[in-house]
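The values are calculated or read from the model by the stated rules, or taken from the named source; none is laboratory data. Computed from a prediction, not measured in an experiment: that's the story for all the values here. Virtual Cβ from ideal backbone geometry, glycine too; neighbours counted across all protein chains shown.
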Amino acid sequence: MSKQLEISGRKSGARSQELENRNQKQEISKWIAFIVCFCIFYFYSLIFSPLSYAYSNNNILRIEVMGSIPVSLDTSEPDSLALDDAFRKAVAKTVETVVPKGELDAATLILDDKVYSNASRYILNYRILSKDIMEDESSGAEGGIAVYTVAIEADIAVKLLTKDLIAAGILHEAEAKKILVSILGLRNYKVFELFRRDLKGLKGVEHIYYHSFARDKIELFVEMAGDAQKLKQEITAMIPINGIYAAAWKIDASIAQGWFSAEKIEIRFSQSK
């Protein structure tokens, strides 16, 4: 009887040990899976974090353009040539947002030689929206000219482009200062238009460009001879806003700067009760 109990105890102990070993293996497997997932996440974050950072600031401008070449052009690569034309147009549109309008014509030859000839240098990413063959009636020819077109959405490296424009003598440092302004919590379009008009009239502000529109968030690029701190001071002093007094609206302006971030100001609107 005692031998049977001893054998039974040994079996029970063996089962317990086996169960414990199994639990340890499962725990180790979970940790291995966690570490693998973490490594994969970290790897992709290294790849895409620079791009994500750029979108959160004013280093990238997303533009939709259409490139084209005549169908009659003797080439075996219409896709490539039309895409090159689209790149050129995307960069040209970006230049228009950076270079003062009155100086564009005078810089045409330099832009062609130093910038547009290497437009792909400034294309960080792009996707093809459509390809088509259509009639270009603007040519003046009867019935128009058939052209091969490629429509793309491209992300332009604004910081790199600006740097090259300065190096080419097209821009000066003071002209290249752009600050991203995020307007939060404002749904009243009339109030926004009044605010934008007064913002444009502030000392040092030269140009204002729309960047993005979303629910409760509007983003503008403000080009000015000054930094974010100066713009914040001017905005803070800009009350009342064309009859919109602090009694009706509470306006908070703050400089939002993160790790390696470009200059950015957040303006939060809240309606007083």
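Quick look at the numbers
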{"read-out": "The stretch 91-120: number of residues that are more than 25 Å from the chain's Cα centre (by Cα) and not charged (D, E, K, R)", "value": "6"}
{"read-out": "Search result, residues across the stretch 70-82 that are of a type in the set (A, V, I, L, M) and modelled with pLDDT of 85 or more", "value": "81, 82"}
{"read-out": "Residue match in the stretch 105-116 (condition: buried (at least 17 other Cβ atoms within 10 Å of the Cβ), outside any helix (DSSP H, G or I), modelled with pLDDT of 85 or more and of a type in the set (A, V, I, L, M))", "value": "yes"}
{"read-out": "Number of the condition not met by residue 166 [criteria: (1) within 26 Å of residue 231 (Cα to Cα); (2) at pLDDT below 85; (3) of a type outside the set (Lys, Arg)]", "value": "(2)"}
{"read-out": "Number of positions in the stretch 131-158 that are modelled with pLDDT under 85 and either closer than 23 Å to residue 112 by Cβ or surrounded by 14 or more Cβ atoms within 10 Å (Cβ to Cβ) (or both)", "value": "5"}
